[in-house]
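Worksheet: one structure, shown below.
The values are calculated or read from the model by the stated rules, or taken from the named source; none is laboratory data. No experiment lies behind these values; they were computed from the predicted model shown. So basically every Cβ, Gly included, is an ideal-geometry build from the backbone, and we count neighbours across all protein chains shown.
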Amino acid sequence: MEKKKFSTRYLAEAALFVGIILVMKITGLSSIPVGPLVMTFTMIPIAIGSMLLGPLAGTILGAFFGLTSLYDAITGKSAMTHFFFQESPFLTVLLCVGTRALVGAVTGWLFRLFSKVDRKHTWSYFAGGLLAPVLNTLFFMGFIVLVFYRSEFVQNLVSKLGASGPIMFIILAVGVQGLVEAATGLVIGGAIAKGVAHALKRDRDPLAAQQAVYRAKDDGTEIPSSEVPIDDTLKLIDDKEAQK
């Protein structure tokens, strides 16, 4: 029988993170208004989901958060994105949804690269926790500068902040809130992801795990490492340990 691409456990875990994002949005824990922007903490579950479940899950979680941001743009809860939506609904969808989906995807992929270097996962989870809010700021504000910088709303902000150019506008607009988001992602996101991964036994060295499976095989034949998914590898190890 062909192995299913997505296990029930994977889908359940992804749904759990979607639920967390939704609860944070409903309860108001997801963001704090700061001037024309908002300080968002939703990047924490997106970062954790991207690291634990992979880039695809990160993309889905980022897109779901983007949909909640798009809702604010349509309803006028966010003055800035509401103005952008009136200017161009399509570009606002790309701003709110597209950039956030990209954040989840890139965070997941970069975490995989970090994990190949940091096999003991000493710092990679904290790097991933930091990445999500930093990338969110870069992608979101970068898109605004590229597409909406000449709009009346943004130019009024540029004048109010006294920014001398697009880069200075981003720095002044983001300000302290960007540092707070990055710090919470680094500390809280990294610590939670590392703790959950350890509890679920997902922080093992993939190479060492595969080698353990090879040694555990009764017939002595080896399977090419590219054909041994890490989740299946760890399951084989757990089954072997349970038999002892």
ask   = Of the residues 1, 80, which is surrounded by fewer than 23 Cβ atoms within 10 Å (Cβ to Cβ), at pLDDT below 95 and not assigned by TED's automatic domain parsing to the domain that holds residue 150?
value = 1
inquiry  = For segment 106-132, give me each residue that is assigned to a helix (DSSP H, G or I) and either farther than 14 Å from residue 51 by Cα or touching a Phe, Trp or Tyr at 6+ places or on another chain (Cβ under 7 Å) (or both).
reply    = 117, 124, 127, 128
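Criterion first (crowded, with 16+ Cβ neighbours inside 10 Å and in the same structural domain as residue 150 (by TED's automatic domain parsing)) does residue 70 satisfy it? Don't jump to the end; show me each part of the working.
Numbers: crowded, with 16+ Cβ neighbours inside 10 Å: yes; in the same structural domain as residue 150 (by TED's automatic domain parsing): yes.
Yes: the conditions hold for residue 70.
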inquiry  = Could you check segment 67-77 and list, in sequence order, the residues that are within 25 Å of residue 16 (Cα to Cα), at pLDDT below 95 and not hydroxyl-bearing (Ser, Thr, Tyr)?
reply    = 72
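Only residues that are under 17 Å from the mean Cα position of the chain (by Cα) and without any contact (Cβ under 8 Å) to a residue 40 or more places away in the chain: list them for segment 125-152, please.
To start, the set of residues in segment 125-152 that are under 17 Å from the mean Cα position of the chain (by Cα) comprises 125-141.
135, 138, 141 - these are the residues of segment 125-152 that are under 17 Å from the mean Cα position of the chain (by Cα) and without any contact (Cβ under 8 Å) to a residue 40 or more places away in the chain.
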request  = Identify, from the list 48, 21, 74, the residue that is under 13 Å from the mean Cα position of the chain (by Cα), more than 18 Å from residue 125 (Cα to Cα) and part of a helix (DSSP H, G or I).
outcome  = 21
